[in-house]
Protein chains: 2
Amino acid sequence: MDSPPAVVGMSAKDVDTPALVVDLDALDRNIAKMAGTAKSAGVRLRPHAKCFKSAPIAQLLLAKGAVGVCCQKVGEAEVMAAGGVGDILVTNEIWGRSKLERLAALGHTVQIRVCADDEQNLTDLSAVATAYGVVIDVLVEINVSGNLQCGVEAGAPAVELAKRITELAGLTFGGLQAYDGPAQHTRAYADRRDSVARAIDMAAKTKALLEAAGLRCERITGSGTGTYELEAASGVYTELQAGSYLFMDVDYSKNCAQDGGPYRDFEHSLFVLATVMSRPVPDAGILDAGIKSSSVDSGPPQIEGRPDLEWVGGGDEHAKFKSRTGSAFPFANGDKVRLVPGHCDPTVNLYDWFVGVRKGRVEAIWPIAARGLNR
Amino acid sequence: MDSPPAVVGMSAKDVDTPALVVDLDALDRNIAKMAGTAKSAGVRLRPHAKCFKSAPIAQLLLAKGAVGVCCQKVGEAEVMAAGGVGDILVTNEIWGRSKLERLAALGHTVQIRVCADDEQNLTDLSAVATAYGVVIDVLVEINVSGNLQCGVEAGAPAVELAKRITELAGLTFGGLQAYDGPAQHTRAYADRRDSVARAIDMAAKTKALLEAAGLRCERITGSGTGTYELEAASGVYTELQAGSYLFMDVDYSKNCAQDGGPYRDFEHSLFVLATVMSRPVPDAGILDAGIKSSSVDSGPPQIEGRPDLEWVGGGDEHAKFKSRTGSAFPFANGDKVRLVPGHCDPTVNLYDWFVGVRKGRVEAIWPIAARGLNR
């Protein structure tokens, strides 16, 4: 585990690099805006901890009305439970004895919920729930994204699984997981709207079939930072599970808003602080933050406020930026710059600490305790 | 920090997933082969710890004749020093007071060497070396890769920096860093050969100029897994700093050998063990190891021994594989498969533990103590 790159009270300029910096004022505004949207729409907000992996941020969210958090991995759920989150939905299927036992064990201290799309998996969940003397709430994940993700087919197959849940000891039927992942980063608003409309329709029809079969569908959950207003306004979804809105990233900033302009519902609050370490040619500079410090899976990072500088490669430990106009690179060796990561979630997963800054001063050092917990 | 996904003595089949698994027999063979090449060529071998980040592997390398290790980050050097490596070359420029102090502090316990390409950086290095009462050996990094990486121009500018090193208190001139990074993953052998030939020529000419100026050039170092034989046979390079040969990955397997066939000098020894967790359609399956478990910056992972299955996407926590022929996906939910990572170095950086397996049994649990240490 790395040591923190800063201490509380330090000037933000003195933070060592590379460091994962959070603008706390911007984070607060992002949290408040999403909480307000959910409240206005009358839906619950359960932000996704796969994005932030840190209990202090979960506590900020709960304080603003979140009903709990989502996780993808049991290890994340354990960190959130230890950090005081009492209601946790694992938005993923869990296979393997060790992980199932850990999931069940959490049921003694928190309300644990998980997704399933397979009958054998339900049998396994029932076995561990019974062995541990807990009740696990199980949501049926339905395939709303054209086979790109997990999930059983909406409609009758989902109802069959839900019935099976109600027959098995130690399990309750918690509703539907209907997350349209591919829609989140679809650039055109109309395409996102149409994709989510299909998901809403599938969820609504499945809910009707469930009710016709005498099964109450307490919860329909999904949504993300790219589509949150659509599910919130659907009258079908009861919970939102967005996460990236806390931080934003270059990838989300490439989405278009409803009016065709850039998507700017939330502010960039997450940055990788980096140092210029080499100037091989006049119009370019190399930073000390490569792909091990800022994930490039969804495209490269950008230097904050400098659209004239383009990422042109790098490596594990280097990022090279070049002037788009051929003018001189505007920073000297030793200068610090802030990068907006290409993709926030996997970038957070590279660090052990958030450095929270406000008004130029370090105000928080938050452990990213679920960093790397991929089981 | 994550808990280990296995214990020594366990069957390799029982390792929890995702896990970073090393085939110890294959690792031993890779280590022996590179050590043999270096010995035959009469060059020193200093493998790159940015690849493996774990002291037990450094010890295996030293036992087979490595003179020390390379690092990219001071944090890696600290881990290697604490793990018993006595001679460490940081193949990178270090900027920033905190990191320079940590670098100098290491000089009391190990032979520390670092690269530089800037006169101000030399002044900073001299100041900390003097303050700590240590001697730092400084290599001049020369730009041998068409401005894609750090480094001063070969020839006279490099000689000027070398002279400056000899004038500064606390510093010794250690030679030249001449690493041709882009050549490593150039697919055609002839292109790699030609690129490295240019680097060899630049290094040789600079060495001649240094000697004409009365400066002894003790060390010319560079090379990587894609070009190691070329530098080894050059008569110019005195050290090899390859790392990926320990593990290999999909990216390196796409290189072509001299005869035009696939590059197979080393074996895949590194795997991500994953579990099938969803079967949304008959010809595809979703694994529990996404981009937070197997880096995709240089292309996706492959399932070991299954070229008929293609990675077709996924996400932070999922990898979806589909049959190329349309036939049924050959694994059931709960089955475990081994992935060959797309890129070994950033994949290692996602894990806290190597699980070493031999003949079907877990034999080693090695901490990846420099995981995430990017400062």
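The values are calculated or read from the model by the stated rules, or taken from the named source; none is laboratory data. Bear in mind the structure is a predicted one, so any value in this text is a computation, not a measurement. Cβ sites come from the backbone with ideal geometry, for glycine too, and all protein chains shown count toward neighbours.
Among the residues of region A:134-181, write down those that are under 22 Å from A:Ala104 (Cβ atoms), within 14 Å of chain B (Cβ to nearest Cβ) and part of a loop (DSSP other than H, G, I, E, B).
Result: A:Cys150, single match.
Please determine, by comparing only the residues of region B:105-121 that are assigned to a helix (DSSP H, G or I) and either in contact (Cβ under 8 Å) with a residue 40 or more places away in the chain or within 19 Å of B:Leu161 (Cβ to Cβ) (or both), which one is nearest to the chain's Cα centre (by Cα).
Keep residues of region B:105-121 that are assigned to a helix (DSSP H, G or I), which gives B:105-106, B:119-121.
Next, from what is left, pick out any that are either in contact (Cβ under 8 Å) with a residue 40 or more places away in the chain or within 19 Å of B:Leu161 (Cβ to Cβ) (or both): B:119-121.
Details: B:Glu119: 28, B:Gln120: 28, B:Asn121: 25 Å.
Selected residue: B:Asn121.
Of (1) away from chain A (no Cβ under 14 Å); (2) over 22 Å from A:Asp14 (Cα atoms); (3) buried (at least 23 other Cβ atoms within 10 Å of the Cβ), B:Asp117 satisfies all except one. Which?
(1)
When you go through (1) more than 10 Å from chain A (Cβ to nearest Cβ); (2) in contact with an Asp or Glu (Cβ under 9 Å, 6 or more places away or on another chain); (3) surrounded by 22 or more Cβ atoms within 10 Å (Cβ to Cβ) one by one for B:Ala77, which number turns out not to apply?
(2)
Any idea which of (1) part of a helix (DSSP H, G or I); (2) within 19 Å of the chain's Cα centre (by Cα); (3) surrounded by fewer than 19 Cβ atoms within 10 Å (Cβ to Cβ) is the one A:Arg192 doesn't satisfy?
(3)
Quick one: would you say A:Ala104 is more than 14 Å from every other protein chain (Cβ to nearest Cβ), modelled with pLDDT of 95 or more and touching a Phe, Trp or Tyr at 6+ places or on another chain (Cβ under 6 Å)?
Details: more than 14 Å from every other protein chain (Cβ to nearest Cβ): yes; modelled with pLDDT of 95 or more: yes; touching a Phe, Trp or Tyr at 6+ places or on another chain (Cβ under 6 Å): yes.
Yes: the conditions hold for A:Ala104.
Which of the residues belonging to region B:315-372 are within 9 Å of chain A (Cβ to nearest Cβ) and part of a strand (DSSP E or B)?
B:Lys320, B:Lys336, listed by residue number.
Considering B:Pro5, B:Pro47, which residue is more than 28 Å from B:Gly96 (Cβ to Cβ) and at pLDDT 95 or above?
B:Pro5
Criterion first (touching a strand residue (DSSP E or B) at 6+ places or on another chain (Cβ under 7 Å) and of a type in the set (Ser, Thr, Tyr)) does B:Ser98 satisfy it?
So B:Ser98 does not fit the description; no.
Take the residues in region B:195-215 that are touching a residue at least 12 places away in the same chain (Cβ under 8 Å) and not in a helix (DSSP H, G or I), then tell me which one is surrounded by the most Cβ atoms within 10 Å (Cβ to Cβ).
Step one: list which residues in region B:195-215 are touching a residue at least 12 places away in the same chain (Cβ under 8 Å), which gives B:195-200, B:202-207, B:209-210, B:213, B:215.
Filter once more, keeping what is not in a helix (DSSP H, G or I): B:213, B:215.
Numbers: B:Ala213: 13, B:Leu215: 17.
Here the residue is B:Leu215.
Residue check: is B:Val159 farther than 23 Å from A:Pro280 by Cα and surrounded by 16 or more Cβ atoms within 10 Å (Cβ to Cβ)?
No; evaluated as a whole, the condition is false for this residue.
Looking for something among the small types (Gly, Ala, Ser) and either in contact with a helix residue (DSSP H, G or I) (Cβ under 6 Å, 6 or more places away or on another chain) or farther than 19 Å from A:Gly334 by Cα (or both) - is there at least one such residue anywhere in region B:117-127? Before the answer, list the steps.
Filtering region B:117-127 for residues among the small types (Gly, Ala, Ser) gives B:126-127.
Those left that are additionally either in contact with a helix residue (DSSP H, G or I) (Cβ under 6 Å, 6 or more places away or on another chain) or farther than 19 Å from A:Gly334 by Cα (or both): none.
Among the residues of region B:117-127, not one is among the small types (Gly, Ala, Ser) and either in contact with a helix residue (DSSP H, G or I) (Cβ under 6 Å, 6 or more places away or on another chain) or farther than 19 Å from A:Gly334 by Cα (or both), which makes the answer no.
What number of residues within region B:242-297 satisfy the criterion of being assigned to a loop (DSSP other than H, G, I, E, B) and more than 21 Å from the chain's Cα centre (by Cα)?
Within region B:242-297, the subset assigned to a loop (DSSP other than H, G, I, E, B) is B:242-243, B:247-249, B:254-255, B:257-261, B:263-269, B:279-283, B:288-296.
In the following step, the residues that additionally are more than 21 Å from the chain's Cα centre (by Cα) were identified as B:258-261, B:279-283, B:288-290.
The qualifying residues number 12.
Check B:Phe271 against each of (1) surrounded by fewer than 18 Cβ atoms within 10 Å (Cβ to Cβ); (2) more than 14 Å from chain A (Cβ to nearest Cβ) and name the one condition it does not meet.
Going through (1) surrounded by fewer than 18 Cβ atoms within 10 Å (Cβ to Cβ); (2) more than 14 Å from chain A (Cβ to nearest Cβ) one by one, B:Phe271 breaks only (1).
Can you confirm whether region B:174-184 contains a residue that is out of contact with any helix residue (DSSP H, G or I) (no Cβ under 8 Å at 6 or more places or on another chain) and either farther than 27 Å from A:Gly285 by Cβ or charged (D, E, K, R) (or both)?
no
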